[in-house]
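First comes the structure, then the notes that go with it.
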């Protein structure tokens, strides 16, 4: 068996130098990588562990933006009071992933790059307009998270690009929520997860902008644009919420699996979008 | 009052040694290349790359097996140690690598290149018995220990029947109300957390030491002796702690393969399954399809029933230990009731699925789900009522069950009313539907298994009890200590209980069948008697008990499930499971309670989540990420009500408990779902989606 | 590659493959109280404590433990005898294979500040037990938290 070189950079620039070799990979908490590596699904010649790159770690809040460093763990996101106050859906999603051990190890950047369409965090983050910052030796770019995913386990990242942080704009009059549906076991992947946000106009009643995003019902997180369009201009009255939730059925593209048939997931996507929107209004 | 369990400190500090923790000098490691196909001919096995890997000591296929021995089993010898010309399931072992490390062995096993020619797949029990179905085994009746004949039909592992079909049919024709429905349960796995493991250490003098995750050391010794023509006296099964069993660790597992490899390489060989392999290659619970017909007269009295079970035995029959090669829980389906004409047939067939064996109360969870669901449906549809139909038909004292047996007492009606009398403490979430369901289970307690043990004088007045049983968690060794403590009137810290290897005691039947306590209590009581009469210069007493019977007695349990269902999604929340349990004396109250709680949680898992997802000859639940077991946040509130004062068996006047609580849960929950929603679910696990669609269709409201 | 970390309170330097999982490494040091169960981070039998948090050692690459504070059941048993006592007294075990993981998880419960029964359940949900039905394990954890 070939041995894998284990690099421990202490800065982003050093990490980017380390990754230059072909088939090198970045390593965050390592939960997914360890599983893939020990079952010989991946055999990288080099891994670049980001645990010592202090500039990638932590959560900071300004008047306009919350920034989450890419090696921040799910547990750290879930425990952060500012995130809980400003983006309760993000907080909730980070707090329900896997189990306490996974939450303690798994990093946000690693999770986003893994791109499993059942993940809870992406719909919660997309709903509140998160943007991903990416660096590589050839420069940096910002990618709206809603444009980050290309397919099952696929993102727009090239192999030498490093997710450095996610930034979320703080908007007044925004309410957001994330709800997941795990009918079999609390510890399961969701059958469907729904992240929503509503931004209200100056009157505090009229919805000016809305986002509804779902996981578990497609190869990537699904944006329900038609649902959002229906909500805009309304006050979030029950009839409108129901119409919006109805529209979600046509937006999703679920597959039959052990967590439900496609037909059922479509129904549940609608139900949980409605409930998530209700939760926004009641928050 | 019971003192804390004997193994508590060692287990809590991590000091307890399980099979995987054993390290021997010069130990080597084995890994297996398993079949990727459910049914195929092996055209070629290319080991050339694997055997050149640094650290690989040998790569072996069936033709290398010592002495040409290949088939093994618990009764029927139909399981190949390594596949010969054919594979019959995904996961069939084809070749084994022995290497200096587990990682090298596993990596090398992946480099073994097998060329297959695919054969048609028999994916379900129903398909297996269709005329013209592909034969999984050409001539299963030729296997050593087989109980089938060619006349029985194709792909049959065993058929067990009881009663007269004609008489039952006649009785049903005269019934005022009948129910005729079919109930389905999935393949399941015991879900012990410790994957199966083995170390075999064969020596040039023909002696063999084996450490194995196995609860029946004496049976394992006999199987290994038979397979490899070894002198049983030279085969020594070493003491181990078992990390959970639930029936899955009665089979020889990989001990025959490990033994063969140790003979071949002349070194100790250790093989620890990855959990994914354990899910793929061991001996879980049979999937079932059970058609139930029951009839009552106009007064609600059962007049007859026909209970036809078709069970998926998977690719091999060799993991069923009993003489019938069947599951006695199936033929015992109506044992709690007075049914004048009851016919039961339990047909187990070969398929290309994982071989199935014994799992906590073999056959009973499936049978109880079918019978107690059907009885509930009959009660509701006929207008008699789900509770009333049970009250009318449960055995009273002196009544004979469908086998004509009269137990010392029948307390089914009492446990039913005790369960129903427990106050409701849990509210359904706002807007959810609420319902309650009941189910009853009884099992016979008559057989006293054989065992042996020795009491020996230790230093400073200590008494050392040497026992043949491994501690699988149920607390058998603690029971021994408790009996000695009370029998001899000495303190716990003066008593040491230890398992000894198979050469040091004559016999044991193994842990299982809810009868450990019974067999052990008989032996300990005898030993205590001898000890008290022992001359002062004598150092030890040894007792061997033979198989016997007592009673006949039986134990009942009734479970009341209180559930809530979200009408918008079908999501099921089991709020509470009340278990009313028929008990006599209790030797260790805490261990007894944990058997009820643990059993109920296992029953809950079977009812709502566990499923190997066998489809098309492939089990899809191949990790605990997909094969879900109940966690502490999933489970309902557990409430126990003990019906004390029963007439038990054995010197301690006890009743079995280990398999009482996991059997009625599935039916109790399904019955509660109908109560809440009007939707009848006849397939386990009960899924939110199934409830959702059934509610939409307005089934049987 | 040399990896330095604190193991059960002792500064430790190991020359290991950094891509080995922590489970195999600690068991290789005869610390066999850490058990291999599911191997995929679900069951919790292999739980170790890293910088105060619970971690699945079966999916933890040992290279990522560099300079961290690592505890296994053997160290926890010495450091927190009262926690062991809680499990022994409540008999929070049967077969015992999940028990070290349950106890190490309980030792790390402060990392999430769980205190009431619901929070304890949510936190302990990652540690499966097939024997006990969980009631005695919950009692042991509650007992431990009440004492501390």
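The values are calculated or read from the model by the stated rules, or taken from the named source; none is laboratory data. In this text the structure is predicted, and so the values were computed from the model without any measurement. Cβ coordinates were reconstructed from backbone atoms using ideal geometry, including for glycine residues, and neighbour counts include every protein chain displayed.
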For residues in region C:88-104 being facing chain B (nearest Cβ under 7 Å) and not in a loop (DSSP other than H, G, I, E, B), which is farthest from residue C:128 (Cα to Cα)?
C:89
Among B:665, B:639, the single one that is in the same structural domain as residue B:584 (by TED's automatic domain parsing), surrounded by fewer than 24 Cβ atoms within 10 Å (Cβ to Cβ) and at pLDDT 95 or above is B:639
Confirm whether residue C:63 is closer than 19 Å to residue A:28 by Cα, more than 9 Å from chain B (Cβ to nearest Cβ) and either assigned to a helix (DSSP H, G or I) or touching a residue at least 60 places away in the same chain (Cβ under 8 Å) (or both).
yes
All but one of (1) in contact with a strand residue (DSSP E or B) (Cβ under 7 Å, 6 or more places away or on another chain); (2) within 14 Å of chain C (Cβ to nearest Cβ); (3) closer than 24 Å to residue C:58 by Cα hold for residue B:6; which doesn't?
(3)
Restricting the search to region A:8-34, which residues are under 23 Å from the mean Cα position of the chain (by Cα) and surrounded by fewer than 20 Cβ atoms within 10 Å (Cβ to Cβ)?
A:12, A:25
Given the structure, is residue A:238 touching a helix residue (DSSP H, G or I) at 6+ places or on another chain (Cβ under 9 Å) and either assigned by TED's automatic domain parsing to the domain that holds residue A:112 or farther than 30 Å from residue B:609 by Cβ (or both)?
yes
Restricting region B:585-609 to residues that are more than 10 Å from every other protein chain (Cβ to nearest Cβ) and part of a loop (DSSP other than H, G, I, E, B), which is modelled with the highest pLDDT?
B:586
Could you say which residue among B:651, B:619, B:630 is surrounded by fewer than 22 Cβ atoms within 10 Å (Cβ to Cβ) and either at pLDDT 95 or above or more than 10 Å from every other protein chain (Cβ to nearest Cβ) (or both)?
B:651
Among the listed residues B:411, B:424, which satisfies the condition of being at negative phi, assigned by TED's automatic domain parsing to the domain that holds residue B:390 and surrounded by fewer than 18 Cβ atoms within 10 Å (Cβ to Cβ)?
B:424
Do you know which residues across region B:401-420 are in contact (Cβ under 8 Å) with a residue 40 or more places away in the chain and more than 27 Å from the chain's Cα centre (by Cα)?
B:414, B:418, B:420
When you look at residue B:26, is it in contact (Cβ under 8 Å) with a residue 12 or more places away in the chain, out of contact with any strand residue (DSSP E or B) (no Cβ under 6 Å at 6 or more places or on another chain) and over 30 Å from residue B:496 (Cβ atoms), yes or no?
yes
Specify the residue that is nearest to the other protein chains (Cβ to nearest Cβ); the eligible residues are those in region C:107-148 that are in a helix (DSSP H, G or I) and in contact (Cβ under 8 Å) with a residue 60 or more places away in the chain.
C:144
Is one or more of the residues making up region C:96-112 surrounded by fewer than 18 Cβ atoms within 10 Å (Cβ to Cβ) and touching a helix residue (DSSP H, G or I) at 6+ places or on another chain (Cβ under 7 Å)?
no
Among (1) under 28 Å from the mean Cα position of the chain (by Cα); (2) touching a residue at least 24 places away in the same chain (Cβ under 8 Å); (3) within 30 Å of residue B:402 (Cβ to Cβ) - the single one residue B:141 does not satisfy:
(2)
Considering only residues that are more than 14 Å from every other protein chain (Cβ to nearest Cβ) and within 29 Å of the chain's Cα centre (by Cα), look in region B:9-32 and name the one that is surrounded by the fewest Cβ atoms within 10 Å (Cβ to Cβ).
B:32
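Table: residues versus (1) at pLDDT 95 or above; (2) away from chain C (no Cβ under 14 Å).
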residue: B:191; (1), (2): yes, no
residue: B:195; (1), (2): yes, no
residue: B:219; (1), (2): no, yes
residue: B:237; (1), (2): yes, yes
residue: B:243; (1), (2): yes, no
Name every residue in region C:39-49 that is touching a residue at least 24 places away in the same chain (Cβ under 8 Å) and either more than 14 Å from residue A:103 (Cβ to Cβ) or surrounded by fewer than 24 Cβ atoms within 10 Å (Cβ to Cβ) (or both), in order of residue number.
C:43, C:45, C:46, C:48, C:49
Condition first: part of a strand (DSSP E or B), at pLDDT 95 or above, surrounded by fewer than 24 Cβ atoms within 10 Å (Cβ to Cβ) and in the same structural domain as residue B:675 (by TED's automatic domain parsing). Can you find one or more residues in region B:377-390 that meet it?
no
Residue B:300 surrounded by 21 or more Cβ atoms within 10 Å (Cβ to Cβ) and in the same structural domain as residue B:376 (by TED's automatic domain parsing)
no
Selection from region C:51-60 of residues that are more than 7 Å from chain A (Cβ to nearest Cβ) and surrounded by 24 or more Cβ atoms within 10 Å (Cβ to Cβ):
C:57, C:58
Which residues, counting only those in region C:66-87, are buried (at least 19 other Cβ atoms within 10 Å of the Cβ) and part of a helix (DSSP H, G or I)?
C:73, C:74, C:75, C:76, C:77, C:83, C:84, C:86, C:87
Taking region B:613-633 only, how many residues are in a loop (DSSP other than H, G, I, E, B) and either without any contact (Cβ under 8 Å) to a residue 24 or more places away in the chain or touching a strand residue (DSSP E or B) at 6+ places or on another chain (Cβ under 8 Å) (or both)?
8
